[in-house]
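Nothing in this text is a laboratory measurement; each read-out follows from the coordinates by a stated rule. Since we're looking at a predicted model, the values are computed, not measured. Neighbour counts run over all protein chains shown; Cβ positions are idealised from the backbone, glycine included.
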Amino acid sequence: MCFPNRKTPIGNAIDLYLRRQLELSDEAVHRLFSANRWEMAQAIVEDLRSGTTIVCDRYAFSGVAYSAAKGLDFTWCQSPDRGLPCPDGIFFLHIDEKVGASRSNFGDERYENAQMQARVRTQFKDRRLRDSVNWRDVDGARDIEEIHAEIRNAVEPIRLEDQENRQRPIKRLWVS
Ligand code: FDM
Ligand code: MG
């Protein structure tokens, strides 16, 4: 799955916002991004309980990094996502500025500019995002097959552990 999930009513508003067809305060849109995850949380838990693995493009980590990059308080940004299902592994694919900007469609949406991306990059380094979760930085500038192999290898021990302990409880994000 993918966040934002632009297909729900909340996701529709987010989509309009990203395409600059709707103006919202930074705080309001932050809460909408979080609500867009919460509206999927039950389905995520049900899928996991029935043995389905979920691969997800973006999650609360983007939520915090992007809003904190706009100047909102970091801890305030984390609070609405606290308690969401916590991923077993996070793969942060990083590329440098020039590679990112050269990719097709870059510049179409809100946030797709060098200044914002530089600020977001800084926020993604914050330990408050990474501590307590299984975070891995992945060089995203390489060949897609190479990236695939690296992530596959890193996922394998998680998958095996899961197979051995099907009943383990689902962890909650940023809850001690
Ligand atoms: N984004 C994404 C946020 O600002 N907060 C969030 O919680 C999430 C999930 O929305 F610029 C930003 C990140 C990106 C945009 O674009 C979504 P993609 O291309 O669909 O990932
Ligand atoms: Mg994008």
Any residue at all in segment 32-47 that is surrounded by 12 or more Cβ atoms within 10 Å (Cβ to Cβ), within 16 Å of ligand 2 (Cβ to nearest atom), in contact (Cβ under 8 Å) with a residue 24 or more places away in the chain and over 29 Å from ARG152 (Cα atoms)?
no
Restricting to segment 115-135, name every residue that is within 14 Å of ligand 2 (Cβ to nearest atom) and in a loop (DSSP other than H, G, I, E, B).
none
Could you go through segment 61-74 and let me know if any residue there is surrounded by fewer than 20 Cβ atoms within 10 Å (Cβ to Cβ) and polar (S, T, N, Q).
yes
Kindly indicate whether VAL64 is of a type outside the set (Ser, Thr, Tyr) and away from ligand 1 (no atom under 14 Å from the Cβ).
no
Can you find even one residue in segment 58-69 that is over 24 Å from GLU156 (Cα atoms) and charged (D, E, K, R)?
no
Applying the selection to segment 112-137, what residues are surrounded by fewer than 14 Cβ atoms within 10 Å (Cβ to Cβ) and either closer than 17 Å to TYR66 by Cβ or of a type in the set (A, V, I, L, M, F, W, C) (or both)?
ASN113, ALA114, GLN115, ALA118, THR122, LYS125
Output the number of residues of segment 92-110 satisfying the condition of being surrounded by 14 or more Cβ atoms within 10 Å (Cβ to Cβ), touching a helix residue (DSSP H, G or I) at 6+ places or on another chain (Cβ under 7 Å) and under 15 Å from TYR66 (Cβ atoms).
1
Going through ILE95, ILE44, ILE54 one at a time, which residue ends up being away from ligand 1 (no atom under 12 Å from the Cβ), more than 19 Å from PRO4 (Cα to Cα) and among the hydrophobic types (A, V, I, L, M, F, W, C)?
ILE95
Those residues that are part of a loop (DSSP other than H, G, I, E, B), over 22 Å from GLU146 (Cβ atoms) and aliphatic (A, V, I, L, M), I need them from segment 81-114; list them, please.
LEU84
